[in-house]
Amino acid sequence: LGAFFFFFYAARQLAHSLYRNQVQYWLLMLGVFALGAALASIQQPNQPGWQQAGILLTAVSTSVGTLTLINTQLPALPLATRQFMGRLSNVVVVFLLSLLGLWLAAQLSRAMLEPQPGVSPLLLLLLGTVLFTAVLTIAIRLANRMARRVFLPKITRYENLLAGQRNIVGGLPEPEQIARIFLHLVQANLLTNEAWFFMTEAGVGGRLGLRPIATLEENVGLTTAVLPPDSPFVQHLRQEKRPLAQYDVAAMSQFDTMSREERQLLTQWGRSLYVPLHLGDSLVALALLGDKQTGDVYTAKDFDYLAALAEQTSPLLVQAQNVRTMQRLNDHVQSQNQSLIYEKQRLQAFVMLYQQFVALVSPALRQPFDKIGLETQRLQEKMHQLTDSPSLVALNEEVDLLRTAVDKLIVASARLQNQAPFHFATIQLDHIIKRAIRQLDSMAEARRVNIEYVTPPMPIPNVYGDEQQLQQALHYLIHNAIKFNRINGTVQIELGADDEEVTIEIQDEGVGIPEERLDKLWQGLDSSELFPNGNYRSRRPRLGLGLTLAYTIITAHGGHISARSSYGSSSTFTIHLPFLFEG
């Protein structure tokens, strides 16, 4: 009794494997042995049948135990029971047909020995033979069909599983369709109706992700599984191309270091065989198979078939994935291209309008100053006594300053108009930051400002952009941080990344920015700060056009700049750029 409960508990704890099948046979042996011992212990006078039945059951139990010891490749007990009942039904049908045949032979013999008047004995023999043959043929067919439906119901349907697959392979099949074809081929050739198909995905830190895409079973709630990179199970799947049996996972010492959670996952799956699909050295998919419906175990021939099928399926699967990715990219590119066409047309119209505006405004801006300068010069020539007049000198200086400002505005406008297009490429921000810092070292030393660059502890993803333009944007921001910093202050630059973007944080220890001005930082010169005569309302420091140009450059790269400040203490500007997905 103790042995029975011990094996019963062990069978409940073990995963679905050949080792568990052995334990189940031992449970059957112990149960039959206990029943035989109970019958043999019955002592009834003149009734020796109890002891004989007990001895027979004991002999059966010893046979089962011996079979379990000498043969480890045993099918699952429920499947073996179905197989036994199916064969037993055939034996019963043959027995009944034999009995019917003997009865017909006896009747024919009697009819031939005692023939009726007008009836030929040879005719009776022929009719009896035809009748027995017809009954035998029909009975065997019905018995086989009934045995399949009752004891092995799923086998009768496997011939129809490949119907319709020829329509799938025409054209460009999806990965899910290829996975179903793979499972249907396995089902048709190996007679298993319990099979799943997972696509592998690269997880963080080398983890193996398994995403289900196809199954032969209905109403199976499969979810994506993530396995650790140091698992011996994962390492075996990545290195070996031969199928792996669950019995080996449970029995071999190389899998002893598997975690408890991973073993529980395999137990929950309840599969007998794991078939890895490789393309070169990369694991691209994993098929999980259950037991055969015939009750047989997977043989070396089955392993060869699965390995060959996996080798043929892997490139098709990867190609289907690539085609799907290319189709999605093509759809995205087409939509973006259409948007770019409209945007280009809008920008072309804007550039034409801008050129017309500059051509129209430039002479109008210069002409008044030229006239004022000319009239002032004439006035000086006519009135020599006013040559050294302070008012006239101040007027000349203001005219020169205004002319210079207008000239600079026109030159800057021309530069913006003729600015070279961006040249996008894969770049590393770490190198750009260091170059921008080197360009401003002399300025920082002159203002006694220390620049600290915090090197990231881990590799930062690359970005897709124009190296010169991004360096120029950094130059503007670092220049402002130095310019408005306090003496002996510090400018701290930190490069980092999160799940979607790369960030560059620039923090100073300057006077800060009033909260009401944070929303207007990117507008350049604010007209609200000017009097009607053009003079500034206040003499506090102004950031100028540098932030506006930096914001324009970062925005052109698909990013943005955020700013936060504590007025009177410090300011922090953060560049946000989407990183480049590579692989």
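For region 430-445, in order, what is each residue's ³J(HN,Hα) by Karplus, 6.51 cos²θ - 1.76 cosθ + 1.60 with θ = phi - 60°, in whole Hz (x at glycine and Pro)?
Using θ = phi - 60°, the values come out as 4, 5, 5, 4, 5, 5, 5, 5, 4, 5, 10, 4, 5, 5, 5, 5 Hz.
Enumerate the amide H contacts of residue 273 below 5 Å, restricted to partners 5 or more residues apart or on another chain; note that Pro and chain-start residues carry no placed amide H.
For residue 273, the qualifying residues are 246, 289.
Multiply the residue gap between residue 374 and residue 464 by 0.36 nm, knock off their C-alpha separation, and tell me the result in nm, one decimal place.
Extending this stretch completely gives an extra 27.0 nm.
Does region 425-578 come out rounded, prolate or oblate, given a ≥ b ≥ c as the square roots of the eigenvalues of its C-alpha gyration tensor, rounded meaning a/c under 1.5 and, failing that, prolate meaning a/b above b/c?
Here region 425-578 falls in the prolate category.
List every residue whose amide H lies under 5 Å from the amide H of residue 502, counting only residues 5 or more places away in sequence or on a different chain, with H placed 1.01 Å from N in the peptide plane.
577, 579
So if I place +1 on the C-beta of Lys and Arg and -1 on the C-beta of Asp and Glu, and nothing else carries charge, what would the dipole magnitude of region 210-331 be about its Cα centre? I want it in debye, nearest 20.
220
What is the ratio of the Cα radius of gyration of region 195-301 to 2.2 N^0.38 Å, where N is its residue count, to two decimals?
With N residues counted in region 195-301, Rg over 2.2 N^0.38 Å equals 1.04.
For region 425-578, what does the relative contact order come out to in percent, with C-alpha contacts under 8 Å and a separation of six or more?
This gives 25 percent for region 425-578.
Here, each number is a calculation from the coordinates, and none is a lab measurement. Everything numeric here is computed off the predicted structure, so don't read it as measured data. Neighbour counts are summed over all protein chains in view; Cβ atoms, including those assigned to glycine, are modelled from backbone coordinates with ideal geometry.
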